Amino acid sequence: MPAGGDGWTPSQEVDASSGGSRTVNSEMKKLVALRVYKRRWFVLLLLCLLNCSNGTIWLTFAPVADQSAQFLGVTSEQINWLSLVFMVVAIPVSFGTTWMLETLGLRFTLILGAWLNMLGGFVRVIGAVWPSFPVVMSGQTLGALAQPLIIFTPTKLAAHWFPDHQRATANMIASMSNPLGILLANIVSPLVAGRPQQIPPLLLVYAVPTGLICFLTTFGLRSSVPPTPPSVSAELSCSEPFLSGLKLLLKNRSYLVLLVAIGSGLAVFTCVSSLLEQILCVHGYSDDFAGLCGALLIVSGIVGAGLLGFYVDRTKNFIEATKINMSFTALSGIAFSVVSLLPQQKVAIAAVCSLFGFFGFSIYPVAMELSVECSYPVGEATSTGLIFISGQILSVLYMVLLQGLTKPIASSLLSTCGGAVLSWKVPLLVMSGLCSFFTCFFVIFFHTRYRRLEAEEDATYRGEHADVPATSERPLLA
């Protein structure tokens, strides 16, 4: 169905010239009632702002780990926990968030997320004005509670507010706003907090937008779904109850392969984003350069996601696009594990980070759409939420594993690290090995039907062929 504004599109008009004598099949009536609203872009904007803001809170301290450790009087390992707390908190909270999205709806979930995000931002400011690591950690924890409420929603918003030919694009825009927040953190944190004493102003810079976003979400988001559905699947939506959906997912072999493989990919990118500054400083690279590499990682990822989202919206080649991009991501990860250990190789490191982001980050929104396709009619929040939970669990395991594999270096003339100098050679090789293994696992074992597209095509076919007997079957989409 072509996108429209707040009015009906020509294809939605019913021919009444015969005085209403024409009979219309009940399925066709549903198709006629499909409608899209301009306000869907405002709802998408609110989600993007929330996702972006929460991303800046998540990775505020990673690009300035040394300055943060000195200001708060703690070690670099403790500063890492300011990022790691997002993964730890998300694991138990995510199940409740999934239930909340499926039962209480998008509006309640996003408003709650906006308030938690705002409170977390301002609590961190208090912990910096009167320096206290526990208070700052409390603010981070509030932000961590908000993350699942925000980050689970792109597929549900795309499914309920956008027509089928815009779903992947809407999902891509909403999903990539979180990496955009990480990008802003990588740029703004080193610029504002070049010295330990500048940490309080930095936290205030991140806190102020949370208040404005909370106001817009609370008073601007009026409903969880539009008055009329934008697509056949939204019209026919009858998601399985939460517990029943979980059982179906655990019996779905294709979904379980996707769960593990994409979860591992999320964990790898979380580790790279959180540890990039500590990896590069050992070989003489500054915080500014580490921030630049982090920015390149995300900018190239957003560009890649935009191109890939546009492609799959029109071709529906979800599986092929995901497998190809995962393969190139694994190769880029191997290259990163090598060049990041070499001094005076800024161009090579920047190029590899760009490739790693271009192929890796772009997978996420397409994989989320693929999770809905292979698990339909399980609710969107349930299918995508479990993948996020998988990523958070593996992120904690990978972070602990990689930091545990580091070895102290006696001395290094090149090091720009503020604290102890650590060798990241073994952790990087292990990380690239994990990335390669799960890529091969996914490419070999993942096969699925596009269940949601099949349901839409079948409903459309029956609506357009009212004279087809109810027992007649049409071949489903391969």
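Every condition in (1) modelled with pLDDT under 85; (2) under 18 Å from Cys52 (Cβ atoms) holds for Thr103 except the one numbered (2). Search the stretch 36-90 for residues being in contact with a helix residue (DSSP H, G or I) (Cβ under 9 Å, 6 or more places away or on another chain) and basic (Lys, Arg), and hand back the single one that is nearest to Asn186 (Cα to Cα). Here the residue is Arg40. Among residues that are in contact with a helix residue (DSSP H, G or I) (Cβ under 7 Å, 6 or more places away or on another chain), modelled with pLDDT under 90 and either more than 19 Å from Gly294 (Cα to Cα) or open to solvent by 10 Å² or more (accessible area, probe 1.4 Å) (or both), Met118 is not included. I'd like to know if the stretch 440-462 contains one or more residues that are at pLDDT 90 or above, open to solvent by 30 Å² or more (accessible area, probe 1.4 Å) and aliphatic (A, V, I, L, M). Within the stretch 440-462, one or more residues are at pLDDT 90 or above, open to solvent by 30 Å² or more (accessible area, probe 1.4 Å) and aliphatic (A, V, I, L, M). Applying a threshold of 9 Å to beta carbon distances and a minimum spacing of six or more residues, or different chains, the list of pairs starting in the stretch 36-56 at a residue that is touching a residue at least 24 places away in the same chain (Cβ under 8 Å) and more than 11 Å from Thr217 (Cα to Cα) and ending at one that is of a type in the set (Lys, Arg) and not in a helix (DSSP H, G or I) reads Arg39/Arg222.
Scanning the stretch 90-114 for residues that are more than 15 Å from Arg222 (Cβ to Cβ) and among the β-branched types (Val, Ile, Thr) turns up Ile91, Val93, Thr97, Thr98, Thr103.
Filtering the stretch 254-277 to residues that are more than 16 Å from Phe438 (Cβ to Cβ) and surrounded by fewer than 22 Cβ atoms within 10 Å (Cβ to Cβ) leaves nothing. Listed conditions (1) modelled with pLDDT of 85 or more; (2) crowded, with 17+ Cβ neighbours inside 10 Å are all met by Gly433, apart from (2).
Residues are listed down the side, and each one gets a yes or a no for (1) of a type in the set (A, V, I, L, M); (2) within 17 Å of the chain's Cα centre (by Cα):
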{"position": "Leu280", "(1), (2)": "yes, no"}
{"position": "Cys293", "(1), (2)": "no, no"}
{"position": "Leu296", "(1), (2)": "yes, no"}
{"position": "Met326", "(1), (2)": "yes, yes"}
{"position": "Ala330", "(1), (2)": "yes, no"}
{"position": "Ala335", "(1), (2)": "yes, no"}
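Annotation note: of Val303, Val312, the sole residue that is open to solvent by 30 Å² or more (accessible area, probe 1.4 Å), farther than 24 Å from Gly284 by Cα and in a helix (DSSP H, G or I) is Val303. All of (1) modelled with pLDDT under 85; (2) more than 19 Å from Met368 (Cα to Cα); (3) open to solvent by 10 Å² or more (accessible area, probe 1.4 Å) hold for Ser239 with one exception: (2). Are any of the residues in the stretch 131-143 surrounded by fewer than 24 Cβ atoms within 10 Å (Cβ to Cβ) and not in a helix (DSSP H, G or I)? Scanning the stretch 131-143, I find at least one residue that is surrounded by fewer than 24 Cβ atoms within 10 Å (Cβ to Cβ) and not in a helix (DSSP H, G or I), so the answer is yes.
Name the single residue, out of those in the stretch 161-182 being β-branched (Val, Ile, Thr) and touching a Phe, Trp or Tyr at 6+ places or on another chain (Cβ under 8 Å), that is surrounded by the fewest Cβ atoms within 10 Å (Cβ to Cβ). By that ranking, first place goes to Thr169. Would you confirm whether any residue within the stretch 353-364 is of a type in the set (A, V, I, L, M, F, W, C), under 28 Å from Phe289 (Cα atoms), touching a helix residue (DSSP H, G or I) at 6+ places or on another chain (Cβ under 9 Å) and part of a loop (DSSP other than H, G, I, E, B)? Yes, the stretch 353-364 has at least one match. Any chance the stretch 198-206 includes a residue that's of a type in the set (A, V, I, L, M, F, W, C), under 20 Å from Leu84 (Cβ atoms), touching a Lys or Arg at 6+ places or on another chain (Cβ under 9 Å) and open to solvent by less than 10 Å² (accessible area, probe 1.4 Å)? Among the residues of the stretch 198-206, at least one is of a type in the set (A, V, I, L, M, F, W, C), under 20 Å from Leu84 (Cβ atoms), touching a Lys or Arg at 6+ places or on another chain (Cβ under 9 Å) and open to solvent by less than 10 Å² (accessible area, probe 1.4 Å), which makes the answer yes.
Among the residues making up the stretch 144-160, those that are of a type in the set (A, V, I, L, M) and open to solvent by less than 10 Å² (accessible area, probe 1.4 Å) are Ala144, Ala146, Leu149, Ile150, Leu157, Ala158, Ala159.
Taken together, the residues in the stretch 254-278 that are of a type in the set (A, V, I, L, M), within 16 Å of Gly55 (Cα to Cα) and under 15 Å from the mean Cα position of the chain (by Cα) amount to 2. When every residue of the stretch 200-222 is checked against the conditions, at least one turns out to be over 29 Å from Trp130 (Cβ atoms) and outside any helix (DSSP H, G or I). Among the residues here, Ala321 qualifies as in a helix (DSSP H, G or I), buried (at least 21 other Cβ atoms within 10 Å of the Cβ) and over 17 Å from the mean Cα position of the chain (by Cα). Tell me, which residue of the stretch 404-425 that is of a type in the set (Val, Ile, Thr) and touching a helix residue (DSSP H, G or I) at 6+ places or on another chain (Cβ under 9 Å) is modelled with the lowest pLDDT? Once the filter is applied, the top-ranked residue is Thr416. Taking residues in the stretch 389-405 that are farther than 21 Å from Thr98 by Cβ, and partners anywhere that are open to solvent by 60 Å² or more (accessible area, probe 1.4 Å), the pairs with Cβ atoms closer than 6 Å and at least 6 places apart or on different chains are Leu405/Val426.
The values are calculated or read from the model by the stated rules, or taken from the named source; none is laboratory data. In this text, all values refer to a predicted model and were calculated from it rather than measured experimentally. Because the Cβ atoms are built from the backbone with ideal geometry, glycine has one as well, and the counts that use them run over all protein chains shown. Remember, those area values only see protein heavy atoms, side chains included, never the ligands or the DNA or RNA. Shrake-Rupley method; radii C 1.70, N 1.55, O 1.52, S 1.80 Å.
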